[in-house]
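Report on the structure given below.
The values are calculated or read from the model by the stated rules, or taken from the named source; none is laboratory data. Just so it is clear, the model here is predicted, and its values are computed rather than measured. Cβ coordinates were reconstructed from backbone atoms using ideal geometry, including for glycine residues, and neighbour counts include every protein chain displayed.
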Amino acid sequence: MTSKSNLERILEKGDFAVTSECGPPRGADPEIIRKKGKLIKSSVDAINVTDNQTSMVRMSSFSSCIILKEMGMNPVLQMVTRDRNRIAIQSDILGAAALGINNILCLSGDHQKFGDHDTAKNVYDMDSIHLIQTVKYMRDEGKFLGGDELKGIPKFFIGAAANPFADPFEFRVVRLAKKVAAGAQFIQTQCIYNLDRFKIWMEQVRERGLHEKVHILGGVTPIKSLGMAKYMKNMVPGMDVPDELIARIKGVDKEKRAEEGIKICVETIQQLKEMEGIHGVHIMAIEWEEMVAEIAKEAGLLPRPSE
Amino acid sequence: MIIGEGKPIKDILVMIKNYSKILLIGCRGCVTVCSAGGEKEVGILASVLSLARKKEGKEIEIREVTLERQCDPEYLEEIRSFVEDYEAVISIACGAGVQFMAEKYRKIPIYPGINTNFIGVTEEQGIWVERCQACGNCKLHLTGGICPITKCSKSLLNGPCGGSADGKCEVNPEVECGWQLIYDLLKEQGKLDTLEVIIPINDWSTSRDGGPRKIVREDLKL
Amino acid sequence: MRLSYPTNIKIIKVPCTGKVDVLYLLKSFQNGADGVYVAGCMEGDCHYLTGNLRARKRVEYTKKILDDIGIGGDRIEIYNMSAAQGARFVEVANEMTERIKALGPNPIKKRGSTESGKDPSKEE
């Protein structure tokens, strides 16, 4: 074990892990995150907190993680390289570790053009791969990037994202290999709707033996409405929503579409459970956190092992 | 070359609102090539400013000059004998030229008539595109001659990110994904294995981040 | 054809409207023209292939400049006609004259001035 992470313990043990995520509030009200935490707590082994996702300013992932930690949950600190240079990043890594956070997900982050502050300067002092290397270096070498010794080692379980649905398709597995070489220990994928494409990607992953070097958790997001499905298909780069799925949602009466979306999500999880190299599922029910428990239950993932 | 574009006329009129005797100076270098600050643009700007002032019922005297370049001291000297006859100077050279002019002629207000945008190339007549951000630490040998710092919206050194779709950047469907371009070129050359190696975290001290830069060649100094 | 057209039109001949530069158009207004129109060949019939297309783009560019400084982009226009279309030439001349009359004199001239003139360019 490289950290005290519950998630690491479960994955190393060989159990199928369940994680989810919540977005912090767009304001200073801690109750909002506490409510979300309560809804998800008993359905997951760890919970991600997004970091100014889509460049919309929110309460920091760091502080939200502390709030969830205080509730007895296991947060995964998501950190993007868009907003912080290596000085701030290393500083936050130390601070998070000091406050008992032991999972980190290393991301580059959505460009600020998506958000509500598109005239900001972006940082990108490093990319997600350098961030993985940084956390690993601090943990395993006990030093700052600059070379000086750390007084107190941050012990993190290091994660990264993978998107089998972005282009160029043949290169995605190479990028995964680079993240693993950099030190990634677990991967959460972009939400999966195109299982055929995902299966091909997993074949490539297994060909390189990567499934034995890193724990891959398949991402799923329940579709709430036809509008949501269409939006993700047409407006979100790097998302693959097949026409058959749109047709399936459309084919159901409007009031039953959300239920169908949950059904599709559960079916996807069941397929993921059968796939060699998939060690868990990452349920992203954006602004629909109350469904996480139901999805986990329907997919036969409850109860979660206690710590 | 350096690419720039004329500032909105309204902005320039505000800069010179208290002046009626102006020296308008262009440059035959980069800004001529990108049609922002050459002799023709000097003529057009002078005409436009005159029309705008005349419409307000006011006069303006504009002397039109185009120098070989505004980034070498010898050429800037050419206006020394008459520059002080004017109340203000509008320079439509790039930011470097405007500043050099301001350093050499401290007594006269020097105003920028163009915005300096980037280092780039002429893709076709009328279209100029950014290519280089002068990071001072060129990595083009690692990426098939395509710059990840300039052509990737996030300046990733190990891209592409998860927002690359159909060869386009998540930021704008008209912007090509720099890493797709790098991938395609290296694939054509049969050198995809280059991309299996992690390009390390960058040293930004050689770029703007390290502070104003200077190069000295002792062997060339007089 | 011996058709008559308004006397306030001053014709400047060029070998091809592709020769017309933004600078000439602006200088016309600087020199007191109330309106300017460019008469080029029918699109597709340009002897130099794309001269009249380039002219159209420059007229559009000049319109924007004139709008920006409050002179008014409507004071400049481009029309296409063949050398044989005498009647069309007159029609355009009348149309433009009416338009400019409605817009009034070039705003750079002091109020009360009766001077007016139009400088179109026509391909021979």
Exception for residue A:116 within (1) in contact (Cβ under 8 Å) with a residue 40 or more places away in the chain; (2) within 14 Å of another protein chain (Cβ to nearest Cβ); (3) over 19 Å from residue A:187 (Cβ atoms) falls at (2)
Scanning region B:46-66 for residues that are modelled with pLDDT of 95 or more, more than 10 Å from chain C (Cβ to nearest Cβ) and either buried (at least 23 other Cβ atoms within 10 Å of the Cβ) or under 22 Å from residue C:108 (Cα atoms) (or both) gives B:60, B:61, B:62, B:63, B:64
What is the number of the single condition among (1) more than 13 Å from every other protein chain (Cβ to nearest Cβ); (2) surrounded by fewer than 24 Cβ atoms within 10 Å (Cβ to Cβ); (3) part of a helix (DSSP H, G or I) that residue A:205 does not meet?
(2)
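Going through region B:144-157 one residue at a time, which ones are away from chain A (no Cβ under 13 Å) and either surrounded by 13 or more Cβ atoms within 10 Å (Cβ to Cβ) or in a helix (DSSP H, G or I) (or both)? Show your work before the answer.
At the first step, the residues of region B:144-157 found to be away from chain A (no Cβ under 13 Å) are B:144-147, B:151.
Matches in region B:144-157: B:144, B:146, B:147, B:151.
Return the residues of region A:176-200 that are at the interface with chain B (Cβ under 9 Å from one of its Cβ atoms) and touching a residue at least 24 places away in the same chain (Cβ under 8 Å); say none if nothing qualifies.
Of the residues in region A:176-200, the ones at the interface with chain B (Cβ under 9 Å from one of its Cβ atoms) are A:177-179, A:181-182, A:190.
A:177, A:178, A:179, A:182, A:190 - these are the residues of region A:176-200 that are at the interface with chain B (Cβ under 9 Å from one of its Cβ atoms) and touching a residue at least 24 places away in the same chain (Cβ under 8 Å).
Please go through region B:103-125 and give me each residue that is part of a loop (DSSP other than H, G, I, E, B) and either in the same structural domain as residue B:71 (by TED's automatic domain parsing) or among the hydrophobic types (A, V, I, L, M, F, W, C) (or both), ordered by number. Full working, then the answer.
Let us first name the residues in region B:103-125 that are part of a loop (DSSP other than H, G, I, E, B), namely B:105-109, B:113, B:125.
Listed by number, the residues that qualify are B:105, B:106, B:107, B:108, B:109, B:113.
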Where the second residue is β-branched (Val, Ile, Thr) and the first is within 17 Å of residue B:174 (Cα to Cα) and lies in region B:146-158, which pairs have Cβ atoms under 6 Å and are six or more apart or on separate chains?
B:153/B:171
Can you say whether residue B:180 is away from every other protein chain (no Cβ under 14 Å), over 19 Å from the mean Cα position of the chain (by Cα) and either closer than 26 Å to residue B:33 by Cα or not basic (Lys, Arg) (or both), as far as the supplied structure shows?
no
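Name the one entry in A:67, A:89 that is under 30 Å from residue A:40 (Cβ atoms) and touching a strand residue (DSSP E or B) at 6+ places or on another chain (Cβ under 8 Å). Quick ask: steps written out before the conclusion?
Working: A:67 fails: touching a strand residue (DSSP E or B) at 6+ places or on another chain (Cβ under 8 Å).
Only one candidate passes the filter, namely A:89.
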So residue A:270 passes all but one of these: (1) under 15 Å from residue A:198 (Cα atoms); (2) surrounded by 15 or more Cβ atoms within 10 Å (Cβ to Cβ). Which condition number does it fail?
(2)
So residue B:128 ticks every box in (1) closer than 22 Å to residue B:43 by Cβ; (2) part of a helix (DSSP H, G or I); (3) hydrophobic (A, V, I, L, M, F, W, C) but one. Which box is left unticked?
(2)
Could you please find all residues in region C:58-71 being of a type outside the set (Ser, Thr, Tyr) and either within 16 Å of residue C:38 (Cα to Cα) or assigned to a helix (DSSP H, G or I) (or both)?
C:58, C:59, C:60, C:63, C:64, C:65, C:66, C:67, C:68
Pairs please, first residue from region B:40-62 and touching a residue at least 60 places away in the same chain (Cβ under 8 Å), second anywhere and surrounded by fewer than 19 Cβ atoms within 10 Å (Cβ to Cβ) and outside any helix (DSSP H, G or I), Cβ atoms under 9 Å, 6+ apart in sequence or on different chains.
B:45/B:64
